[in-house]
Amino acid sequence: MDNGEDSHRISPSPVVHVRGLCEAVVEADLIDALEKFGPICYVMMMPFKRQALVEFTAVESADRCVSCGAKEPVYIAGQQAYFNYSTSKRITRPTNADNPNSGNKVLLLSIQNPLYPITTDVLYTVCNPIGSVLRIVIFKRNGIQAMVEFESVQCAQKAKAALNGADIYAGCCTLKIEYARPTRLNVIKNDNESWDYTKPYLVRRDRGKGRQRQAILGEHPSSYSDNSYGPPCPLLPLPGNSRYKLTSVDVPDMVSYPLPQSSSSYSGHAPSSVAMVSGLHPSKMNCTRIFNLFCLYGNIEKVKFMKSVPGTALVEMGDEYAVDRAITHLNSIKVFGKRLNVCVSKQHAVIPSQVFELEDGSSSYKDFAMTRNNRFSSAGQASKNIIQPPSAVLHYYNLLCVFWQLCTEHDVPGFVKFKMFDAKPSSKTISGLLEFDSKTEAVEVLTVLNHYQIRIPNGSNPYTLKLCFSTSSHL
């Protein structure tokens, strides 16, 4: 249907219906492309429909927009868009303000298709680079929504223009932003669902010993040039018009998160519960095998391989002390002929973005937060673990069958000596020690066979083989 013919079916209105938008478009792109037709007073994004409503201050401006779009291509964010008068004469606003330009320093954010958790830390990291955020409140009455109070109306206007219609994560958690009714937010505690950044002393919910604030969105912070993260993974593109750019000259037009709140807070290696592991064998290492090795030094929350940096993975552990233990004992060890490099990541959480298939067919991302194989889930459980560097002797538990057979089936080195501990008469499994020719061989066996599920005929539940490094250097 011709756009020109279609436009005459509806009577002129100051509100224009825009179709055919690209997926990455945000409110500011529409303003930049259409304000040449006249002043714009309001924009409503419909991101999943790739549509929007644009309200001009005068119907003559809307008429110029629709007429121009019918005669020649009008491009928004590099893609041709199509225009028609809306059946509405005015876009309904949550504030119902008579003055469409009045604005508010509090924004109402609706998060559409929220596949991943949305917390105050996530929203602060998204919004604060655009304008100073004072308070955030998240609520779940109509899906997931949040109110964000900025320092000024101008900050809120910039944030609405830059973020309205953007994806927090690729293809999901899409922001639809309006001005809110309240002019100030009241926050009584700092936690995942509310935060007052002017009152850091408010009681916050305990998130676990040593855990850092979960405010990481992207995989490669573009602000850092001295790491080995590879090319940046940009999120939330800001329009080229300087009105919407960040004030810092160090931040590029394409913003990758996280952004440091101040350069001093990110100097050196700040404490983090995420380790970065490089030097991983491309076909023999996967998320489960990383878990099998790193779980000896602390709980494992998530593991993610980095698509842009082959042989590198991020490991989110229970706290920063677990990361320190892993670095102390696993950095520079050899696994499958490759030397591991383990260091503190500049990220404080692992986000499942860019999931792909590894060479062995498994997923590049896995969440281990709920697995029973974590060994530091309680104080009593943690006290039973002896933190030990890799050695040529492995301590084994819950073994039912001949261990040599498992080594042969999984193409790992066999042991040279073994010792079996006395077991109770009622015990169905055995435990003991296994010595290998070298520390490297023991590491590889543990990496492959730790937590192997041993099934027995007519058995209801399988037995889980557990391995760890022994305090003995030889038998």
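A short reminder: the numbers here are calculations on the coordinates, not readings from a lab. No experiment lies behind these values; they were computed from the predicted model shown. Virtual Cβ from ideal backbone geometry, glycine too; neighbours counted across all protein chains shown.
Mind listing which trypsin sites (Lys or Arg not before Pro) in segment 399-472 are in a DSSP loop and have 11 or fewer other Cβ atoms within 10 Å? Walk me through the intermediate numbers first.
Numbers: sites: 417, 419, 428, 439, 455, 466; in loops: 428, 455.
Listed in order of number, the matching sites are 428, 455.
Pairs from the list 284/419; 384/439; 49/105; 71/105; 384/417; 140/384 with a Cα-Cα gap above 32 Å: 71/105; 140/384.
Percent of Cα pairs in segment 137-177 per distance bin of 10 Å, from zero to the largest separation: 26, 52, 22, 0. Model label points for residue 417 and residue 87, set 7 angstrom from Cα along the Cα-to-Cβ axis, are 8.5 nm apart.
Across all directions, the shadow cast by the convex hull of segment 15-85 built on its C-alpha atoms averages 3.8 square nanometres. When the trypsin sites (Lys or Arg not before Pro) in segment 140-185 are filtered for DSSP coil states and for at most 16 other beta-carbon atoms within 10 Å of their beta-carbon, the remaining sites are 140, 141, 184.
Looking at segment 301-336, none of the chymotrypsin sites (Phe, Trp or Tyr not before Pro) sits in a DSSP loop with at most 13 other Cβ atoms within 10 Å of its own Cβ.
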